[in-house]
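Beneath this line is the structure, given in structure tokens, with notes to follow.
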Amino acid sequence: MELLNCIKIILTFVFFSVVANMKSSGKSGKSKKGKEGKQKDEAELRAEQEEAERLEKERLYQQHLEKLEAKYQRERESELAELNSLKQKFLSAQQWKMDYKEQAKWERYLSCDGTPDPTVPQEINTFMSLWRDHQEEDVQLVMEKEEVVLNLIEKLEFHLLEASPDEITEEQRNQYQEFILQLQDLLHQKYNEATLNLLKTASMYEDPETGNMHTVIKDKNTTFCIWVNLKKKARFKSHVFQEAGHSFDLPKSLALSGVAVRLLHTRYDHVSPLWVQCQGLPRQEASDSEDSAEHPKDTGQGPGQEEEKGREELSVPAAEETCSEGRKSAASLKENSSNTDDTKDTEEATEKNSDILDAASQDEDAAPQEEAGGGEEAAQAVDLQQLAPLGGVYRIEALQPPPRARRVGDWSAVELLDVGLEVYPYSPEEAEDGTQAAVQITLRLPDNVIYFQVPVIARWDPEGQQWRTDGISNITYEAEEKSITFGMGAFYTVALLQDAHLNLPYQAWELHPTGVDEGLFTVTAAFATIQIQIKDNQCMLSSVVVEEEEVLSHITGKWMSPFALREALKRAGVNIFPADYSPKYVPVPTKAALAEVKAYEQMALLAAAFAFAHSKWNGEAGPEQVVFKVSEHLTAGSAKDNDWSLYVFSGEKVQNLQLTETSEAFSEELGEESEFHSTLYHMLKDSASNEAMDKVERAGFLFIDSVYQLLLATRVLAYS
């Protein structure tokens with residue numbers, strides 16, 4: 001009985017313990033759920049508060065923008081008027097250039113140096129007639145006269161490029177173009193006459209070792225190499241022109257023949273412009289200076305291209321045989337960077353430059369022009385918009401020596417032929433080995449040109465008026481020795497070509513002042529870093545660094561006009577100047593032409609006291625805006641990284657950005673304490689020092705114009 005009572009007591013205790021635990025557990029679960037619910041409510045409340053704060057912040061920011069926009073609209077007219085007053089400096093530069101040209105023309109007239117004015121038909125016709133009638137030419141004299149002829153051609157080309165439609169008539173334009181062709185033809189004719197005179201006396205200059213004749217005559221424009229096979233021995237089928245570094249190796253059939261080999265290297269290119277003219281394309285020269293060393297055009301047809309005509313007289317094609325219509329239309333077109341010089345109002349200049357850049361951007365998606373004759377023909381024909389000849393032109397020709405003098409008793413007899421210089425009647429099929437090239441050539445590359453890649457060798461096709469890559473084989477390039485060896489299926493005029501856009505787009509650029517009306521413009525391209533000093537109306541190549549080595553010493557440290565420097569760099573193989581067709585070959589984002597041109601104008605106006613540089617966000621800003629870095633710059637040296645501010649400019653409105661170069665994504669959020677302005681001038685004036693703005697006001701118009709010309713020529717806001 002007691003045991004039963006004990007069991008009941010124990011069971012009762014266990015029962016109440018379980019009940020107590022269940023109650024305790026229930027209370028704990030309810031407490032936990034309540035806490036989680038409370039936390040969720042707090043999070044939702046916090047999110048609502050944050051969203052409300054964000055919306056309020058956006059509302060206030062939008063209100064702020066609306067106020068700034070209203071102020072911008074109120075001040076826009078006055079700001080533009082003040083900027084236009086400052087832009088009168090461009091017109092002052094225009095007037096100075098016109099006065100300078102008139103003065104130079106007057107000084108040339110007073111000098112009476114015997115050279116004709118190429119724009120006066122009587123004078124240029126008299127000059128050509130007198131030289132044409134002078135028969136006793138030698139190579140040295142032709143080289144001396146060549147300097148005068150090249151100068152006359154250059155003046156005519158500049159006149160064609162600079163003159164506006166109301167300055168010369170279409171008849172005058174065509175006449176000047178014909179003068180250029182006649183001067184080129186006459187120059188080449190005189191080289192042929194001098195060659196013939198030299199060949200008539202070849203036996204007087206026999207090499208005692210080989211019995212053959214050879215000589216090298218050269219100056220700064222031309223290298224004349226000739227070899228005459230007098231002994232006709234197979235073991236002397238090759239020759240090295242030691243003074244020039246060029247050499248050749250003939251097939252056996254030519255080594256046993258009486259043949260002369262002429263290699264005429266002109267450091268100017270008279271041939272390639274014919275392709276441009278026949279395509280009806282605009283030439284790519286600017287027109288802001290007469291100081292350019294640019295060289296003119298040539299017919300491109302010489303003895304080497306006429307081997308199939310046998311003993312026909314060597315001739316140069318007449319002007320009407322070389323795409324005259326295309327030439328006339330091309331001559332009437334002008335290049336972009338000098339359009340400011342042809343306007344009477346700054347706004348017209350801006351619109352004209354922007355129209356040209358706009359036309360270029362519209363062609364961005366257009367395919368390069370196809371050559372006639374199908375895909376294979378197009379692959380062999382060279383597109384000179386993509387590949388540019390460098391180092392001049394090499395005419396490699398097989399010539400027929402005139403009859404040699406014979407001894408007849410005490411007399412010396414020679415057969416006189418009134419046929420001029422003749423092509424040697426040779427074709428590759430006559431060679432014993434049908435697979436052998438007519439000739440193997442080794443050319444020493446010019447020291448004043450940089451080839452960043454293996455040059456493309458092309459031959460001139462006078463019939464098709466184009467450069468072609470077929471007929472050239474077995475190419476060996478020695479970069480360290482600066483030489484290239486190749487075989488040719490016949491005798492050709494050849495050139496070495498390089499991709500015209502391999503240094504585009506730029507990796508970076510910077511422009512900063514270095515003194516009163518002085519600045520330094522630095523462009524970092526794919527293969528080179530180029531530094532250009534600017535002072536007043538001139539520029540100087542400070543350095544070109546390639547793989548940590550300075551190059552192009554022949555043009556470094558020389559003051560010249562912006563256009564002359566541009567042409568010198570292009571001829572040296574450092575092309576940082578995009579053409580209107582460049583978007584077809586360079587993948588760059590399209591930029592609105594008006595925004596680009598206005599940015600260059602205003603950057604130039606401010607360049608006396610502010611530094612400008614590349615921003616990686618420029619490509620992210622869209623086609624209607626440009627983005628660049630700006631820093632007030634009153635001390636020597638480049639600006640520090642933390643001194644730069646970012647600005648976005650549409651051509652109509654400019655604003656300072658909160659964005660930095662290290663930001664994660666592009667944003668147009670307005671910088672703190674910043675406003676909208678119609679001009680970059682007023683934008684920078686808000687935060688600039690008085691000293692900086694005084695420098696801007698005092699900046700010389702020639703310096704401003706030079707900066708503008710460089711910026712417009714390089715188009716750093718579109719090609720970086």
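Since every read-out is calculated from the coordinates, none of them should be taken as a lab result. Here the structure is a predicted model, which is why all the values come from computation and not from measurement. Neighbour counts run over all protein chains shown; Cβ positions are idealised from the backbone, glycine included.
Taking the beta-carbon count within 10 Å as an exposure proxy, list K200, K71 from fewest neighbours to most.
So the ranking, lowest neighbour count to highest, is K71, K200.
Placing unit charges on C-beta atoms (Lys and Arg positive, Asp and Glu negative, everything else neutral), compute the dipole magnitude of segment 148-209 about its Cα centre in debye, rounded to 20. Display every interim value, and only then the final one.
Values: 4 positive and 13 negative charges, 44 e Å.
Using Cβ point charges on Lys, Arg, Asp and Glu, segment 148-209 gives about 200 debye.
So, in Å, what gap is there between the alpha-carbon centers of segment 232-262 and segment 460-484?
That distance is 19 Å.
So which trypsin sites (Lys or Arg not before Pro) in segment 539-633 end up in coil per DSSP with only 13 or fewer other C-beta atoms within 10 Å?
Details: sites: K558, R566, K570, R571, K584, K591, K598, K616, K629; in loops: K558, K591.
Answer in residue order: K558.
Highest mean first, what order results for 230-238, 702-710 on Cβ atoms within 10 Å? The partial results should precede the final answer.
Working: 230-238: 14.4, 702-710: 25.6.
Packing order, densest peptide first, comes out as 702-710, 230-238.
Explain nothing, just compute: Karplus ³J(HN,Hα) = 6.51 cos²θ - 1.76 cosθ + 1.60, θ = phi - 60°, for every residue of segment 514-529 in order, whole Hz, x for Gly and Pro.
Whole-Hz 3J(HN,Hα) from phi for segment 514-529: 10, x, 6, 6, 9, x, 10, 10, 10, 10, 9, 9, 5, 10, 8, 10.
How would W467, W644, W509, W106 line up from fewest to most surrounding beta-carbon atoms within 10 angstrom?
W106, W644, W509, W467
Largest first and in whole Å, give the semi-axes of segment 583-720's equivalent ellipsoid, each being the square root of 5 times a Cα gyration tensor eigenvalue. Walk me through the numbers on the way to the answer.
Values: eigenvalues 98, 72, 38 Å².
Semi-axes from the Cα gyration tensor: 22, 19, 14 Å.
Too long at a 24 Å Cα-Cα cut-off: which of K616/K695; K629/K653; K482/K570?
Over 24 Å apart, Cα to Cα: K616/K695.
State, as an integer percentage, the relative contact order of segment 539-591 based on alpha-carbon contacts under 8 Å between residues 6 or more apart.
Numbers: 32 pairs, mean separation 15.0, N = 53.
Result for segment 539-591 is 28 percent.
Could you sort out which of K101/K218; K57/K591; K145/K558; K67/K685 sit more than 29 Å apart by Cα distance in this structure? Please list the in-between numbers first.
Working: K101/K218 33 Å; K57/K591 33 Å; K145/K558 26 Å; K67/K685 20 Å.
Those over the limit are K101/K218; K57/K591.
Through the Karplus equation 6.51 cos²θ - 1.76 cosθ + 1.60, θ set to phi - 60°, convert the phi angles of segment 87-95 into ³J(HN,Hα) values in whole Hz; use x for Gly and Pro.
6, 4, 5, 5, 5, 5, 5, 4, 5
How many nm separate the modelled label positions at E697 and A234, each set 7 Å beyond the Cα in the direction of the Cβ?
In this crude spin-label approximation the distance works out to 8.8 nm.
Which cross-chain or sequence-distant (5 or more) residues have an amide H under 5 Å from the amide H of K232, H modelled 1.01 Å from N in plane?
Residues meeting the amide H criterion: none.
Using the Cα atoms of segment 156-274 to build a convex hull, what is its mean projected area in square nanometres?
Numbers: hull surface 38.1 nm².
Its Cα hull, projected and averaged over all orientations, spans 9.5 nm².
Tell me the net charge near E624. Cut-off is 10 Å between Cβ atoms, E624 excluded, with +1 for each Lys or Arg and -1 for each Asp or Glu. Can you show the working numbers first?
On the way: positive: K591; negative: E652.
Taking every Cβ under 10 Å from that of E624, the sum is 0.
Throw me the Rg/Rh for segment 575-661, computed over C-alpha atoms with Kirkwood Rh, two decimals.
Details: Rg = 13.8 Å, Rh = 14.1 Å.
We get a ratio of 0.98 for segment 575-661.
Quick one: which residues, 5 or more positions from T210 or on another chain, have an amide H under 5 Å from its amide H? H modelled 1.01 Å from N in the peptide plane, none for Pro or chain starts.
For T210, no residues qualify.
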